[in-house]
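To start, the structure under review is shown below, and the notes come after it.
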Amino acid sequence: MARTRSDRSQDRSSLEEDPARIDSAEMGSTDAESAEAVSTVTVDDRGEIAYATYGDPDGTPVVVLHGTPGSLAFGQLFDDRARELGVRIFAPERPGYGRSPPWPERDLTDTGPIVAAVLADAAVERAGLVGFSGGGPHALAAAATHGDLVETVDVVSGAPPWSRIDEKPAVHRLLGLLATKTPSLLKVLLRGQTWAAGRLPPAFVLAQYTTAAERAEIPAETATCIRRDFREALAASQEGLVTETRLFATPWAFALAAVDRPVRLWHGDNDGNAPLEGARLLADELPAGELTVLEGAGHLTALLRSREPILRAQGRLDAD
């Protein structure tokens with residue numbers, strides 16, 4: 001039976017987008033390999049995957065799966081708190097994003113072998129999983145197919161299969177149409193967005209995920225990290241986003257009933273990208289799903305508010 005609880009905490013940080021502060025932060029993170037340890041691993045005979053390591057090198061292992069689009073820079077959002085709370089973060093890039101070349105074909109169940117390869121490369125037997133937004137279905141797929149590698153799963157701002165959603169947000173309908181009917185046009189549009197993201201303030205990228213009210217809750221350093229994540233995801237290829245948009249628009253290649261690990265779902269009740277009703281559906285259909293509703297939070301601010309409780313819970317796994 002799914003459990004639902006409400007969280008009214010705001011965990012607010014002030015944001016005034018001081019251009020000098022933003023420029024300084026961006027300059028400090030343009031060389032990804034100077035900010036985090038980056039590795040490359042081969043997944044079976046499919047291809048290579050890049051992943052970065054953050055947090056406490058001796059901490060409890062947790063694999064963090066970025067959104068759609070996303071890159072290994074996404075793990076930077078967890079770095080400081082992970083160090084403080086004794087958590088070691090692995091942040092892989094799925095095929096077609098950042099340094100990970102596209103695969104000719106893939107579906108959601110390919111995430112399990114990706115997680116397995118990353119953990120084997122790091123000499124880790126089991127880990128927690130965290131999936132944000134488009135990373136949520138991938139986290140659930142990995143737990144369904146490779147449950148022996150997974151401790152617990154946290155899904156933030158995730159969504160169920162599109163076929164189960166009655167009212168899809170307009171942006172998702174448009175992306176799904178472009179990805180299936182005119183992928184070349186979608187790639188052109190994405191290249192234009194990537195070019196603009198490199199020349200405009202971080203608010204340009206944030207506007208795709210947040211309302212103006214939400215942006216007032218996001219610190220400048222976080223905004224800069226999110227812009228970097230977006231740019232690195234799409235700089236070399238747009239294939240990752242096109243492929244995943246098609247995957248989300250079709251039936252998932254695994255059953256929610258196959259996820260036998262505990263799953264904590266974190267969702268804002270003001271999420272315009274992935275409406276709360278979808279998270280309630282997931283909580284009902286997962287064998288061990290628990291939903292926490294973050295009052296007043298949107299798609300991205302739900303992640304910022306849930307980071308610390310997620311890491312605290314994951315960090316206690318070793319102690320238990």
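Listed here are the residues, each with its yes/no results for (1) surrounded by fewer than 24 Cβ atoms within 10 Å (Cβ to Cβ); (2) more than 19 Å from residue 259 (Cα to Cα); (3) among the polar types (S, T, N, Q).
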position: 80; (1), (2), (3): yes, yes, no
position: 101; (1), (2), (3): yes, yes, no
position: 104; (1), (2), (3): yes, yes, no
position: 125; (1), (2), (3): yes, no, no
position: 137; (1), (2), (3): no, no, no
position: 140; (1), (2), (3): no, no, no
position: 147; (1), (2), (3): yes, no, no
position: 153; (1), (2), (3): no, no, no
position: 164; (1), (2), (3): yes, no, no
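Evaluation of residue 295 against the conditions (1) under 22 Å from residue 226 (Cβ atoms); (2) open to solvent by 50 Å² or more (accessible area, probe 1.4 Å) shows that the sole unmet condition is (1). Taking the listed residues 112, 67, the one that is at negative phi and either touching a strand residue (DSSP E or B) at 6+ places or on another chain (Cβ under 7 Å) or open to solvent by 20 Å² or more (accessible area, probe 1.4 Å) (or both) is 67, with no other qualifying. Screening the candidates 92, 104 for the property of being under 22 Å from residue 237 (Cα atoms), modelled with pLDDT under 95 and not acidic (Asp, Glu) yields one hit, 104.
Here is a yes/no grid of residues against (1) in contact with a Gly (Cβ under 7 Å, 6 or more places away or on another chain); (2) touching a residue at least 24 places away in the same chain (Cβ under 8 Å); (3) in a strand (DSSP E or B):
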| position | (1), (2), (3) |
| --- | --- |
| 42 | no, yes, yes |
| 48 | no, yes, yes |
| 67 | yes, yes, no |
| 78 | yes, yes, no |
| 81 | no, yes, no |
| 98 | no, yes, no |
| 103 | yes, yes, no |
| 110 | no, yes, no |
| 113 | no, yes, no |
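Rundown of residues vs (1) in contact with a helix residue (DSSP H, G or I) (Cβ under 7 Å, 6 or more places away or on another chain); (2) charged (D, E, K, R); (3) farther than 26 Å from residue 92 by Cα, yes/no style:
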{"position": "181", "(1), (2), (3)": "no, yes, yes"}
{"position": "199", "(1), (2), (3)": "no, yes, yes"}
{"position": "204", "(1), (2), (3)": "yes, no, no"}
{"position": "208", "(1), (2), (3)": "no, no, no"}
{"position": "217", "(1), (2), (3)": "yes, yes, yes"}
{"position": "228", "(1), (2), (3)": "yes, yes, no"}
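Being assigned to a helix (DSSP H, G or I) and of a type in the set (S, T, N, Q) is the filter here, so list the residues in segment 150-169 that pass it. Of everything in segment 150-169, just one residue is assigned to a helix (DSSP H, G or I) and of a type in the set (S, T, N, Q), namely 163. Number of residues in segment 260-290 that are of a type in the set (A, V, I, L, M, F, W, C), open to solvent by less than 30 Å² (accessible area, probe 1.4 Å) and out of contact with any Ser or Thr (no Cβ under 6 Å at 6 or more places or on another chain) equals 7.
In segment 50-60, the qualifying residues are those that are in contact with a helix residue (DSSP H, G or I) (Cβ under 7 Å, 6 or more places away or on another chain) and either free of Cβ contacts under 8 Å to residues at least 12 places away in the same chain or part of a strand (DSSP E or B) (or both), and the one that is farthest from residue 273 (Cα to Cα) is 60.
The helices (runs of 4 or more DSSP H) located wholly in segment 238-320 that include 3 or more residues which are in contact with a helix residue (DSSP H, G or I) (Cβ under 8 Å, 6 or more places away or on another chain), more than 25 Å from residue 173 (Cβ to Cβ) and of a type outside the set (A, V, I, L, M) occupy 299-315.
Tallying residues that are of a type in the set (Val, Ile, Thr) and under 15 Å from the mean Cα position of the chain (by Cα) within segment 224-260 yields 2. Among the residues making up segment 71-114, those that are touching a Leu at 6+ places or on another chain (Cβ under 8 Å), within 25 Å of residue 227 (Cα to Cα) and among the hydrophobic types (A, V, I, L, M, F, W, C) are 77, 78, 82, 87, 90, 91. Residues considered: 151, 93. Of these, the only one that is within 27 Å of residue 287 (Cα to Cα) and not aliphatic (A, V, I, L, M) is 151. Meeting the requirement of 1 or more residues that are free of Cβ contacts under 8 Å to residues at least 40 places away in the same chain, of a type in the set (Phe, Trp, Tyr) and open to solvent by 60 Å² or more (accessible area, probe 1.4 Å), the helices (runs of 4 or more DSSP H) wholly within segment 170-227 are 183-197, 203-206.
So which of 170, 233, 216, 220 ends up being within 27 Å of residue 296 (Cα to Cα), modelled with pLDDT of 90 or more, hydrophobic (A, V, I, L, M, F, W, C) and out of contact with any His (no Cβ under 7 Å at 6 or more places or on another chain)?
Details: 170 fails: modelled with pLDDT of 90 or more; 233 fails: within 27 Å of residue 296 (Cα to Cα); 216 fails: modelled with pLDDT of 90 or more.
None of the others qualify; the one that does is 220.
The values are calculated or read from the model by the stated rules, or taken from the named source; none is laboratory data. Here the structure is a predicted model, which means the values were calculated and not measured. Cβ atoms come from the backbone with ideal geometry, glycine included; neighbour counts cover every protein chain shown. In case anyone asks, the SASA skips ligands and DNA or RNA and just uses the protein heavy atoms, side chains included. Shrake-Rupley method; radii C 1.70, N 1.55, O 1.52, S 1.80 Å.
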